[in-house]
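Engineer: What follows is a single structure, and I will ask about it in a moment.
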Amino acid sequence: HKTLWIVNADSGDSYPVAMSDNIIHTHNLGYPRIGEQRELKKATEAFWHGKISPQELEATGRRLRRDHWAKQSAAGIDLIPCNDFSFYDQMLDFSCLIGNVPPRFGWSGDSIDLDTLFLMARGSRGEGHESCTQGCTGGHGAAFACEMTKWFDTNYHYIVPEFRADTQFRLLGSKVFHEFEEAKALGLRAKPVLPGPVTYLSLGKVQDSQHPDFDRWSLLDGLVSVYEQILRRLAAQGAEWVQIDEPVFALDLSPHQRDAVVDAWRRLAAAAPGLKIIVASYFGPLRENLPLFLSLPAQAFHCDFVRAPEELDAVLDHLPQDKILSLGVVDGRNIWKNDFAKSLTLLTAARAKLDARRLWVAPSCSLLHVPVTLASEPALDAQIENWLAFADEKLKEVVTLSALLRGTARSGVLEENQDAIHSRATSRRTHNPEVRARLALVTDGDARRRSPFAQRQLLQQSRLGLPEFPTTTIGSFPQTAEVRSMRARWKKGELTTAEYEVYLENETRACVAFQDEIGLDMPVHGEFERNDMVEYFGEQLDGFLFTANGWVQSYGTRCVKPPVIYGDVSRPAPMTVRWAQFAQSLTPRPMKGMLTGPVTILQWSFVRDDQPRSETTRQIALAIRDEVVDLEAAGIAAIQIDEPAIREGLPLRRADWAQYLDWAVTAFRLSASGVRDDTQIHTHMCYSEFNDIIAAIADMDADVITIETSRSNMELLGAFVDFRYPNEIGPGVYDIHSPRVPSVSEMENLMRKAEAVIPRRNLWVNPDCGLKTRGWPEVKTSLIHMVQTAKKLRATQ
Ligand code: GLN
Ligand code: ZN
């Protein structure tokens, strides 16, 4: 390697940068953009608030890219990506690159600037997505931001491209070319990364009221023409490799998509002779798509052998002669140290069939989905730290694996690695005999309520004594700046626990008093003591670990710090009983206890990879069950177990759905079924697309489910109606993502629609979701209107 040194102007640190014209053994698919200290988030938000100039924001972007390239180089990665950086999202970047700006943004011109990009992401009032912090996603906000949705089965959200009959793609952006040049100026021949044409068209949405039946695939031809221009230009700039991501290969493909793959790729491959293309698939097995994938006219193929190690033989059989195989063996989706012995089994099997130049070692997918570096975790428990690898450590693993394969690794590295793997596998911290013994005794009956719903409903009615159309909320009340600052001060030790608790008691008292005053039938305590609906529980459960800086981009500038479930989960002590009991003591009305469900806790955490997800979920379910039972014993008559993430856990392939839903629903029921018939179990989900999963939702057998419906005008209640959903249901009557105060008549209209299709005795009146992102003034008026709505509904037959 020729080595070039670059100096970071701010810190004065220098980094070695390797030229990439040597043989390629290793490459990376994408690096986290946010920066070790979330520098990108801070700069972007400062720019939005007018505190820094666009030039300053661009400079931060350049600095981060340079640092990230330098780090990857220094780790010894031979081929390094560019254009994986983004100020918001890579799909949005691509829409801007090809001039696909929806007409409502009133944009016209010859280039697309950052303002236009942020406008698409955030809407004209700048509150598109940032207003929602609770995992509820979608095109909310009155400002018509582009919609946002989950990127495959990750917790990353992309901006959904929009297509219309008159959409015309034109090469208008220049980001990818700039980034390539920028890397070149640092002595790097980087590998530009682009989303593939079939992935881009598949993941977008037709948004054309005049031509609702318009066929998006008619846009393919024009789209591929722009790709041809992009590829030619990159070739002219001196690019040797381009990475084109087609993760749709991990999905069920329609005949349309298959045809599109063939048509598009024939042209891509011929666009710029001399430019080599690596096509990447990740996030799941290829299954029946495997032959099609490996028939693409690319020079190299990347496969995710973390998610599908069983496919290696088939891939090797189908890999055309003289093509390169990139083996994704280091997990880009989780934070565990790689088991070198396992990876080497795969690599050696591949090496037996491929000569060294045809075999690349890589992470399984972009490292966007893991935190940046363990170096930012000074306080981690040393034993557990030795089990972990974040993005920077994963890159080193890729390089070490390649060296081990070639016999050039430092002696002892394999043994050190295996020691760590062994210590995790045998530690009592990961294997708690009591938890396992208890789980072994769980029976099917433990996951079933004692009596059928119809019987429970009568008993609950007489215990709770609620009127028709009972009113309730989803749990949280405004987490004001004051609440958050008090918590921060308590964490820093500036407030004693006693002082902090007095503050929380006062907030709770005021919240309950307000609900009593307006006549809300089933009050909640307000969740003032909670930072986050998963973290709050994870911090009190055994088997969970929290990092200091393990941030991962969720969308735009929003980052999350998922807990790490490293060991067997158990509940050493009650978690919420104190607050529920305190709140209940303040009111004669039935206080609703508030918990997060096992599937949601699993979904929003990094989970252990040494046992099935279903097993980890069952452990969490038992811990939540204990809490439910304790709440009941403390006199709480209604308990809500939130499961907003059940739907997002659905596997990528339909064929795998039934199995997932089976264990997910059973885990929920296991958590909910320890109580008497007259204790009412609620659940909540922040969406309402239930068509596909309504049978499973019914199978959860919650006494009451609250869902989001106001934004769809109750239309999305359809699934419940068609299914004749038997239990009680609270279709959200107003959208909590906006500060707008709903009127009585509009909520009444919505409830009339619901009443027309659902038996009156089964209906509740509540908002769409929790109120934590809202301010008190609008919450108060909205809830007063909501209670008035219920009174009007009761007054008319
Ligand atoms: N109880 C939670 C709250 O109100 C539910 C949030 C959610 O479902 N995302 O904040
Ligand atoms: Zn919700």
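Bear in mind these aren't lab numbers, they're just calculated from the coordinates by the rules spelled out. Everything quoted here is computed from the prediction, not taken from an experiment. Counting neighbours? That spans all protein chains shown, and the Cβs are built from the backbone with ideal geometry, glycine included.
Engineer: Taking only the C-alpha atoms, wrap a convex hull around segment 365-519 and report its volume per residue in Å³ as a whole number.
Structural biologist: Numbers: hull volume 43.5 nm³, N = 155.
With only Cα atoms used, segment 365-519 gives 280 Å³ per residue.
Engineer: Mind checking the dipole of segment 523-626: about its Cα centre, +1 per Lys or Arg Cβ, -1 per Asp or Glu Cβ, Debye to the nearest 20? Can you show the working numbers first?
Structural biologist: On the way: 11 positive and 11 negative charges, 75 e Å.
Dipole magnitude for segment 523-626 comes out near 360 debye.
Engineer: Rounded to the nearest 500, what is the chain's calculated 222 nm mean residue ellipticity when only DSSP H runs of at least 4 contribute -39500 (n - 2.57) each, over all residues? Don't skip to the end; give the middle numbers.
Structural biologist: Details: 27 runs with 317 residues, N = 797.
So the helix-based figure for the chain works out to -12500 deg cm²/dmol.
Engineer: Tabulate in residue order the Karplus-calculated ³J(HN,Hα) for segment 342-351, using 6.51 cos²θ - 1.76 cosθ + 1.60 with θ = phi - 60°, rounded to whole Hz; enter x for Gly and Pro.
Structural biologist: 5, 5, 5, 4, 5, 5, 5, 4, 5, 5
Engineer: As a quick test, which of the pairs K41/K561; K191/K394; K42/K394; K561/K592 have an alpha carbon distance above 21 angstrom in this structure? Walk me through the intermediate numbers first.
Structural biologist: Working: K41/K561 14 Å; K191/K394 19 Å; K42/K394 25 Å; K561/K592 28 Å.
With Cα atoms farther than 21 Å apart: K42/K394; K561/K592.
Engineer: Quick one: what are the phi-derived ³J(HN,Hα) couplings along segment 637-646, Karplus 6.51/-1.76/1.60 with θ = phi - 60°, whole Hz, x for glycine and proline?
Structural biologist: My calculation for segment 637-646 gives 9, 9, 9, 9, 10, 6, 10, x, 9, 4 Hz in order.
Engineer: Ok, one more. Can you compute the label reach from S585? Point 7 Å from Cα along the Cβ direction, backbone N cut-off under 17 Å, restricted to segment 488-524.
Structural biologist: Only 498-513 fall inside the zone, counting backbone N under 17 Å.
Engineer: A further question follows. Quick one: what are the phi-derived ³J(HN,Hα) couplings along segment 236-244, Karplus 6.51/-1.76/1.60 with θ = phi - 60°, whole Hz, x for glycine and proline?
Structural biologist: 5, 6, x, 5, 9, 10, 10, 9, 10
Engineer: Another question about this same structure. Mind pulling the angle between the C-alpha long axis of helix 613-633 and the longest principal axis of the chain? Nearest 10 degrees, somewhere in 0 to 90.
Structural biologist: Computed tilt is about 20 degrees.
Engineer: Would you work out which of A300, F249, V329 lies farthest towards the positive end of the dipole of segment 247-333? Charges go on Cβ: Lys and Arg +1, Asp and Glu -1.
Structural biologist: Of the options given, the answer is A300.
Engineer: How large is the dipole of segment 466-565 about the Cα centre if only Lys and Arg carry +1 and Asp and Glu carry -1, each at its Cβ, rounded to the nearest 20 debye?
Structural biologist: On the way: 9 positive and 16 negative charges, 128 e Å.
Using Cβ point charges on Lys, Arg, Asp and Glu, segment 466-565 gives about 620 debye.
Engineer: Let me ask something else about it. Please say if segment 300-347 is rounded, prolate or oblate, where rounded means a/c under 1.5 for a ≥ b ≥ c the square roots of the C-alpha gyration tensor eigenvalues, and otherwise the choice is prolate for a/b larger than b/c and oblate otherwise?
Structural biologist: Values: a/c = 2.30, a/b = 1.95, b/c = 1.18.
Taking the square roots of the gyration eigenvalues as a ≥ b ≥ c, segment 300-347 is prolate.
Engineer: Calculate how steeply helix 39-48 sits against the longest principal axis of the alpha-carbon atoms of the chain, using the helix alpha-carbon long axis, and give the answer as 0 to 90 degrees to the nearest 10.
Structural biologist: 70
Engineer: I've got another one for you. Between K205 and residues 5 or more places away or on another chain, which pairs have amide H atoms under 5 Å apart, with H built 1.01 Å from N, and which residues are they?
Structural biologist: E162, F163
Engineer: At q = 0.13, 0.24 Å⁻¹, work out log10 I(q)/I(0) for segment 730-797 with the Debye formula, treating every Cα as an identical point scatterer and leaving solvent out; two decimals please.
Structural biologist: Listed by q, the Debye log ratios stand at -0.34, -1.03.
Engineer: Here's a follow-up. Simple spin-label model, 7 Å along Cα-to-Cβ: A382 to A46 in nm?
Structural biologist: Between A382 and A46, the label points sit 3.8 nm apart.
Engineer: For the chain, build the charge dipole from Cβ charges (+1 Lys, Arg; -1 Asp, Glu) around the Cα centre, then report which of L464, C559, L716 sits farthest towards its positive end.
Structural biologist: C559
Engineer: Here's something else I'd like to know. Net charge within 13 Å of F390 by Cβ-Cβ distance, Lys/Arg positive one each and Asp/Glu negative one each, not counting F390 itself?
Structural biologist: Its environment carries a net charge of -1.
Engineer: Can I get the semi-axes of segment 714-765's equivalent ellipsoid? Compute them from the C-alpha gyration tensor as square roots of 5 times the eigenvalues, in angstrom, largest first. Can you show the working numbers first?
Structural biologist: On the way: eigenvalues 90, 25, 17 Å².
Taking √(5λ) for each Cα gyration eigenvalue gives 21, 11, 9 Å.
Engineer: Next question. Testing the spin-label approximation: label points 7 Å from Cα along Cα→Cβ at E415 and V502. State their distance in nm.
Structural biologist: Distance between the two pseudo-spin positions: 6.0 nm.
Engineer: Give me, ordered by chain and number, the residues 5 or more places off A280 or on other chains with an amide H under 5 Å from its own placed amide H.
Structural biologist: Excluding prolines and chain starts, which carry no amide H, the hits are I244, D245, E246, H302.
Engineer: Is segment 157-276 rounded, prolate or oblate when judged by the Cα gyration tensor, a ≥ b ≥ c being the square roots of its eigenvalues, rounded requiring a/c under 1.5 and prolate requiring a/b larger than b/c?
Structural biologist: On the way: a/c = 2.06, a/b = 1.77, b/c = 1.16.
In terms of gyration-tensor shape, prolate.
Engineer: With labels modelled as points extended 7 Å from the Cα through the Cβ direction, what inter-label distance (nm, one decimal) is found for S745 paired with R351?
Structural biologist: Going by the 7 Å Cα→Cβ label model, 7.6 nm.
Engineer: For T706, what residues show an amide H to amide H distance below 5 Å, using hydrogens built from the backbone and excluding near sequence neighbours?
Structural biologist: T683, H684, M685, G730
Engineer: While we're looking at this one, here's another question. When DSSP beta bridges are limited to those with both residues in the chain, what percentage is antiparallel, rounded to the nearest 5?
Structural biologist: Details: 15 of 65 bridges.
Taking every DSSP beta bridge within the chain, about 25 percent pair in antiparallel fashion.
Engineer: Within the set K276/K353; K51/K150; K337/K772; K71/K492; K150/K276, which residue pairs have Cα atoms separated by over 28 Å?
Structural biologist: Values: K276/K353 22 Å; K51/K150 30 Å; K337/K772 37 Å; K71/K492 33 Å; K150/K276 30 Å.
Check vs 28 Å cut-off fails for K51/K150; K337/K772; K71/K492; K150/K276.
Engineer: Could you tell me whether segment 247-324 comes out rounded, prolate or oblate from its Cα gyration tensor? Rule is a ≥ b ≥ c as square roots of the eigenvalues, rounded for a/c under 1.5, then prolate if a/b exceeds b/c, otherwise oblate. It would help to have the intermediate numbers written out before the result.
Structural biologist: Working: a/c = 1.96, a/b = 1.25, b/c = 1.57.
It is oblate, given that a/c is not under 1.5 and a/b is not larger than b/c.
Engineer: Now for a separate question. Largest first, please: the extent of the C-alpha atoms of the chain along each principal axis, to the nearest Å.
Structural biologist: Its Cα atoms span 78, 62, 52 Å along the three principal axes.
Engineer: In units of 2.2 N^0.38 Å, what is the alpha-carbon radius of gyration of segment 142-220?
Structural biologist: On the way: Rg = 16.1 Å, N = 79, 2.2 N^0.38 = 11.6 Å.
Dividing the Cα Rg of segment 142-220 by 2.2 N^0.38 Å gives 1.39.
Engineer: Can you give me the relative contact order of the chain as a percent, contacts being Cα pairs under 8 Å and 6 or more apart? Working shown, then result.
Structural biologist: Values: 1499 pairs, mean separation 88.8, N = 797.
That works out to 11 percent.
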